Amino acid sequence: MMVTAAAIRQRLRAGDAVLAAGLAMVAVQLVWKYELVRQTYFRQDDFHYLIRGLRSGFTWDYLMWVDVGHLLPGGFGISWAMARLGGYNEALAHTLTIALQAGASLALLRLLWLLFGARPAILVPLGLYLVTPMTIPSLSWWAAVLETLPLQLALPMALSSHVLYARDGRVRHLLAACGWIGFGLLFFVKAAFVPVLLFVITVGWLRPARRRLWPAWALYAGILAAYSWVFFTGLYGSVQLNDSTQTPRLPSAGVAGEFAWILATRALVPTALGGPWEWRPIGDDYAMAATPEPAAWIALGVAAVVVGVSVLYRRRAWLAWLVLLGYFLLADVVPVLLGRIELLGPGVLGYELRYLAATAMVLAVVVGLAFIPLDGEERPWSRRSRPPARLRWAWVPLAAVVTAGSVWSVAAYADRPLGRTARSYVLTAERALAQVPEGTVVLDTYVPPAVAAPAFFHEYALHSSVLSVPAPRPVTWVWRLAGPVRDPLTFDERGRLRPVALRGLTIPQGASCVPVGGNEVRFPLPAPLRGGDWTVQISYLNAAETTLSVRLGLGRAEVTAGRDLGRTFATIGGEGDHLAISAAGPGACVGEVRIGVPVPDDTGAAVPPQPVEG
């Protein structure tokens, strides 16, 4: 059939309109998501990555450390650079996030254009990816951004290059596909499944000459073999933050099945249809899906109808949905089963949308394959039935409902403090350290769990670590109070510095001090103390400097006590109903004794007086 010049011009004009609409959709999405991203701040793993980047050289060992199953040399490289470019640089982090999101969105538009041509139908899977709340929690967590967004960029770019190679056999397209696979592997282990996607889509839909693709399969296999060696070497050799190494093992079948079911029915399917509609807050700055049970079952019903309709009319639609199921099981379920499922359990991790962020890209491609004929495809519809004309616009009300639900879900997620609490705490603490004199003694404690959980990050959750980025502060950090420390300070729950007080017991000595020499003097406690680490504050009036020996049960510590009037501290582990003190040399005269746990003195002056607003 001869194509006229007018027909060609009409197709070009239609293509221009589709491209313009796609670009407009991407732009609107970026503005919409930036409103969420700009509210976020660094949290949890983010501090760990930046602190570790500041402390480390740009070495192979630094880049190839496997963090609980996560190998991301690209993310560690960015963290290393950011730690030296202002530390907690929100503007840089937000800019990079939106740039990656823009790249991923445009890459998907290009892929859909290559696969299906310049037809308006491609705007449907594009719009699904742009609006789905499946990607939203990962956008609010910088460590998740470093993994998921580069993969969301690499996946469609690798597939586009592979499609072009399958069509014309040019080596540059093959090298580009390999490059994008390698780029994805720099950031996320899930990129190892991209070649699997390329293979299945090639066999199911592209069907090029077999001889042409053997170089591709060989190169892809070589990349995966090299990556597997690096990954598993690092996995078994990397020392984790709890000073142990990893030994991956699968949980019981019951736990695995429960996790897969919850993640599919309460996270994947509802968010693909605009859910979860409700969220389960994890602190102020993060949330997991909390899909209401009735809504989850309705979503499963709608999904079943959508899949059934596609399988009825579209050839190989069943294979498209099988691709999504396979990717979900291999890339989303299995890594969690091997890594963290025993730590928190399926009842928690099954609602974590962060595991599904990159799956949103796969979902968009699968929806396209399940409903839209490929560009130039000869027999796209089933031999038994062809979609009637009345179904041509059946997707419109569903798309409207999904879009409305997505906007509602994202708005509900953003309707929380997000990064304001952590930002306020860190900025207040930084200002406090800038306002105290150089050399001030600060009792090093853990930041609040909402900033960085000590149970997971250990020393990286200490104030001295979190506040060392981008440069150490000119104060004296102490882990325990020992000796005649003058006016020690510690951080309160808002990030302000206050004088240290001891919460516990006080042993008053009346009008005069008690002489103490080489023999122990027992000071009865107002109440017995159970076993633990206790800080003792001893007031004294000495004629000369001496050394005090302090004992609580079997715990003992020796500290210096200066001349004249003063106080000294000792930290000991023990239990009992009395405190025994002795002194070397000239002895000492002991006044009031306090024993307990160091806490910020709420009655003392705060530095700064008011917290910095987040």
**Degrees between helix 142-168 axis and first principal axis of the chain (Cα, 0 to 90, nearest 10)** = 20
**Prompt:** Any idea what diffusion coefficient the stretch 70-156 gets from Stokes-Einstein, in µm²/s, Kirkwood Rh on alpha carbon pairs, 20 °C, 1.002 mPa s?
**Reply:** 151
**Message:** For a protection proxy built on the mean count of beta-carbon atoms within 10 angstrom, sort 216-225, 504-513 highest first, please.
**Reply:** 216-225, 504-513
**Prompt:** In degrees between 0 and 90, to the nearest 10, how far off the longest principal axis of the chain does helix 253-262 point, with axes built from Cα atoms?
**Reply:** 70
**Dipole of the stretch 313-449, positive direction: furthest Cα of Thr421, Val401, Ala411, with charges on the beta-carbon** = Val401
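Using a Förster radius of 51 Å, what is the FRET efficiency between Ala394 and Trp479 based on their Cβ-Cβ separation? Nearest 0.05, please. Write out the running numbers ahead of the final one.
Values: r = 66 Å, r/R0 = 1.29.
E(calc), rounded to 0.05, equals 0.20.
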**Item:** Distance histogram for the stretch 423-564 (every C-alpha pair counted, 10 angstrom bins, percent rounded to whole numbers)
**Value:** 9, 33, 30, 20, 7, 0
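From Cα pairs below 8 angstrom and at least 6 apart in sequence, can you work out the relative contact order of the chain, rounded to a whole percent? Show your work: numbers first, answer last.
Values: 1069 pairs, mean separation 88.8, N = 614.
Once divided by the residue count of the chain, the mean separation gives 14 percent.
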**Request:** Could you check the simple spin-label distance between Thr560 and Glu592, using points 7 Å along Cα→Cβ, in nm with one decimal?
**Result:** 2.5
**Asked** Quick one: helix 317-327 against the long Cα principal axis of the chain, what's the angle to the nearest 10°, folded into 0 to 90?
**Response** 20
**Message:** If I compute solvent accessible area with a 1.4 Å probe over the protein chains, what percent of it on the stretch 52-148 is carbon and sulfur?
**Reply:** 70
**Message:** With +1 on the Cβ of every Lys and Arg and -1 on the Cβ of every Asp and Glu, and nothing else charged, how large is the dipole of the stretch 221-359 about its Cα centre, in debye rounded to the nearest 20?
**Reply:** 640
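How big, on average over all directions, is the shadow cast by the Cα convex hull of the stretch 389-448, in nm²? Intermediate values should be presented prior to the final figure.
On the way: hull surface 26.6 nm².
Mean orientational projected area (the stretch 389-448, Cα hull): 6.7 nm².
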**Relative contact order (percent, whole number), the stretch 373-525, Cα cutoff 8 Å, 6+ residue spacing** = 21
**Request:** Write down the accessible area per residue of the chain in Å², having rolled a 1.4 Å probe over the full set of protein chains.
**Result:** 45
**Prompt:** Hey, with R₀ at 51 Å, roughly what FRET efficiency would Ala20 and Ser512 work out to, going by the Cβ-Cβ distance, to 0.05?
**Reply:** 0.05
**Message:** Could you work out the pair-distance distribution P(r) of the stretch 166-221 from its alpha-carbon pairs, with 5 angstrom bin width and percents rounded to whole numbers?
**Reply:** 4, 19, 30, 28, 13, 6, 1
**Request:** Would you list the P(r) distribution for the stretch 58-105, with all Cα-Cα distances sorted into 10 Å bins from 0 and each bin expressed as a whole %?
**Result:** 24, 43, 32, 1
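Give me the tail of P(r) for the stretch 279-348 as a percent: Cα-Cα pairs with distance above 17 Å.
On the way: 1573 of 2415 pairs.
Considering the stretch 279-348, 65 percent of its Cα-Cα pairs are separated by more than 17 Å.
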**Request:** Take the solvent-accessible surface of the protein heavy atoms, probe 1.4 Å, and return the percent of it on the stretch 374-427 that carbon and sulfur atoms account for.
**Result:** 60
**Rounded to the nearest 20 debye, dipole of the chain from Cβ charges on Lys, Arg, Asp, Glu** = 3220
**Message:** Using 0.36 nm times the number of residues separating Asp533 and Gln435, minus their current alpha carbon distance, what extension gain do you get?
**Reply:** 32.2 nm
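Determine the relative contact order of the stretch 478-614: mean sequence separation of Cα pairs under 8 Å and six or more apart, normalised by residue count, in whole percent. Working shown, then result.
Details: 361 pairs, mean separation 51.9, N = 137.
Across the stretch 478-614, relative contact order equals 38 percent.
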**Complete:** Expressed in nanometres to one decimal, the distance between label points 7 Å along Cα→Cβ at Glu545 and Trp229 is 6.1
**Message:** How large is the Rg to Rh ratio of the stretch 7-160 when both quantities use alpha carbon positions and Rh follows Kirkwood?
**Reply:** 1.07
**Prompt:** What dipole magnitude, in Debye to the nearest 20, does the stretch 168-220 give about its Cα centre under +1 on Lys/Arg Cβ and -1 on Asp/Glu Cβ?
**Reply:** 200
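For the chain, what is the percent of antiparallel DSSP beta bridges, rounded to the nearest 5?
On the way: 54 of 58 bridges.
Roughly 95 percent of the DSSP beta bridges within the chain come out antiparallel.
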**Complete:** Taking 0.36 nm per residue of separation between Glu377 and Leu206 and subtracting their Cα-Cα distance, the length gained on full extension comes to 60.6 nm
**Request:** Per residue, how big is the convex hull around the C-alpha atoms of the stretch 516-576? Give it to me in cubic angstrom, could you?
**Result:** 79
**Message:** Taking 0.36 nm per residue of sequence separation and subtracting the Cα-Cα distance, how much length would be gained by fully extending the chain between Val31 and Leu343, in nm to one decimal?
**Reply:** 108.6 nm
**Item:** Interchain or long-range residues, amide H under 5 Å from Glu377's placed H
**Value:** none
**Prompt:** Over all directions, what mean area does the Cα convex hull of the stretch 551-614 project, stated in square nanometres?
**Reply:** 7.1
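The values are calculated or read from the model by the stated rules, or taken from the named source; none is laboratory data. This is a predicted model, so every value here is computed, not measured. No Cβ is skipped: glycine too gets one built from the backbone with ideal geometry, and neighbour counts run over all protein chains shown. Surface areas here come from the heavy atoms of the whole protein model, side chains and all, with no ligands, DNA or RNA. Shrake-Rupley method; radii C 1.70, N 1.55, O 1.52, S 1.80 Å.
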